[in-house]
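Undergrad: Shown below is the structure under consideration.
The values are calculated or read from the model by the stated rules, or taken from the named source; none is laboratory data. Keep in mind that what you see is a predicted model, and the values were worked out from it rather than measured. All Cβ positions, even for glycine, are placed from backbone atoms using ideal geometry, and neighbour counts span all protein chains on display. Accessible surface is based on the protein model in full, side chains and every heavy atom, while ligands, DNA and RNA are left aside. Shrake-Rupley method; radii C 1.70, N 1.55, O 1.52, S 1.80 Å.
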Amino acid sequence: MTRDLEGAQSFYGAVLGWTYRSGSFGPEFTVALADGVPVAGMGALAHTMGIPVSWTAYFAVDSADTAAARIRERGATVAVGPLSIGKGRAALAADPAGAVFGFWEGAAVPGWQVGRGRAPAWLELRTRDAFAMAIFYGQVFDWASGRPDACEVEYEHDAVMVRAGGQVVAGLRGGGVEADPDPQIRPRWHVYFRVADVDAAAEAAVAAGGTVTAAPDRSRVGRAATLRDPHGGLFTVTSGKP
């Protein structure tokens, strides 16, 4: 979500090589494409919804109403929705530690899954108590429920790892501080996009008006760099896999 859709398209096109097509959600929304395959969505909605410019992780659900009820039952917040959008229903929420996320009831791009193909390489929740949040998300989204299609949750390397179909898709790790003024430290979901050359992407970000908040270096997901777009949106680029 951004305040300047045209500016965001220009920046991410320069840094990640994305092209765009109109979405089905109206003129304030566009679909980003990598080699012609959908990879992300952009909406000029931050100004109307009163929220910071940010990338938001959305989780697929069978019922948006059920997910919303589970979130409220556990003391968390459903800030927007569920609303009918195109052929689905979506909502924005915040977990008990304040990390914002979304959920979506409806069709998705066939075969599109974090960690595979052109989808984001990795999602990471940076929070105060990773175990408490693993329980929260597990109860809301049926992780580790024993269902054939359920995500698996395990503790590995000081983090809670989430797998779907045997593929690592997300990690939850502690250290977030709710009151910290730095958005990199506050609890939040963080997205990693895959690139062929991390250093080139970092240089392109600076040239396009963004900043490098963590220089290219080795990380859990291979070589990576954390970048900030001109409007404040944080994301990481990586050339590796979880």
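Undergrad: Rounded to the nearest 500 deg cm²/dmol, what is the calculated helix-only ellipticity per residue at 222 nm for the chain, with -39500 (n - 2.57) per DSSP H run of length n ≥ 4? Walk me through the numbers before you get to the answer.
TA: Values: 5 runs with 48 residues, N = 242.
Taken over the chain, the calculation gives -5500 deg cm²/dmol.
Undergrad: Mind listing P(r) for region 48-96? All alpha-carbon pairs, 5 Å bins, whole percents.
TA: Answer for region 48-96: a P(r) of 5, 19, 30, 27, 15, 5 percent.
Undergrad: What dipole magnitude, in Debye to the nearest 20, does region 71-166 give about its Cα centre under +1 on Lys/Arg Cβ and -1 on Asp/Glu Cβ? Could the numbers behind the result be given before it?
TA: Details: 10 positive and 11 negative charges, 86 e Å.
Dipole magnitude for region 71-166 comes out near 420 debye.
Undergrad: Name the long-range amide H neighbours of A40: under 5 Å, sequence gap of 5 or more, or other chain; modelled H, no Pro or chain starts.
TA: A32
Undergrad: Per residue, how large is the accessible surface of the chain? Use a 1.4 angstrom probe and give square angstrom.
TA: Per-residue accessible area for the chain comes out at 47 Å².
Undergrad: Same structure again: Enumerate the amide H contacts of V80 below 5 Å, restricted to partners 5 or more residues apart or on another chain; note that Pro and chain-start residues carry no placed amide H.
TA: HN-HN under 5 Å from V80: L92.
Undergrad: Which trypsin sites (Lys or Arg not before Pro) in region 73-163 pass both tests, a DSSP loop state and at most 12 other beta-carbon atoms within 10 Å? Walk me through the intermediate numbers first.
TA: Values: sites: R74, K87, R89, R116, R118, R126, R128, R163; in loops: R74, K87, R116, R118, R128.
Within region 73-163, the qualifying trypsin sites (Lys or Arg not before Pro) (loop, at most 12 other Cβ atoms within 10 Å) are K87.
Undergrad: Another question, then. Here are a few candidate values for Rg/Rh (Cα atoms, Kirkwood Rh): (i) 0.93; (ii) 0.96; (iii) 1.63. Which one was actually calculated from the structure I just gave you?
TA: Checking each listed value against the structure points to (i).
Undergrad: If you place +1 on the Cβ of every Lys and Arg, -1 on the Cβ of every Asp and Glu, and leave all else neutral, what size is the dipole of the chain about its Cα centre, to the nearest 20 Debye? Numbers along the way, then the final one.
TA: Numbers: 22 positive and 25 negative charges, 41 e Å.
Dipole about the Cα centre, nearest 20: 200 debye.
Undergrad: Note the full-extension length gain between T77 and A94 as 0.36 nm times their separation in residues minus their Cα-Cα distance, in nm to one decimal. Can you show the working numbers first?
TA: Values: separation 17, 0.36 × 17 = 6.12 nm, distance 0.52 nm.
Length gained between T77 and A94: 5.6 nm.
Undergrad: In nm, to one decimal, how far is the A132 label point from the A150 one, both placed 7 Å along Cα→Cβ?
TA: 2.3 nm
Undergrad: Moving to a separate point now. Can you give me the relative contact order of the chain as a percent, contacts being Cα pairs under 8 Å and 6 or more apart?
TA: Details: 531 pairs, mean separation 41.4, N = 242.
In percent, rounded to a whole number, it is 17.
Undergrad: From the backbone phi of region 68-79, what are the Karplus-calculated ³J(HN,Hα) couplings (6.51 cos²θ - 1.76 cosθ + 1.60, θ = phi - 60°) in whole Hz, Gly and Pro given as x?
TA: Those phi angles translate into 4, 5, 5, 5, 5, 4, 9, x, 9, 10, 9, 8 Hz.
Undergrad: Once both labels are modelled 7 Å past Cα along the beta-carbon direction, what's the K87-T213 spacing in nm?
TA: Spacing of the two 7 Å Cα→Cβ label points: 3.6 nm.
Undergrad: L33 to D199: FRET efficiency via 1/(1 + (r/R0)^6), r the Cβ-Cβ distance, R0 22 Å, to the nearest 0.05?
TA: Values: r = 24 Å, r/R0 = 1.08.
About 0.40, to the nearest 0.05.
Undergrad: If DNA, RNA and ligands are ignored and the probe is 1.4 Å, what is the ranking of H231, H157 by accessible area, most exposed first?
TA: On the way: H231 75, H157 135 Å².
Greatest to least solvent exposure: H157, H231.
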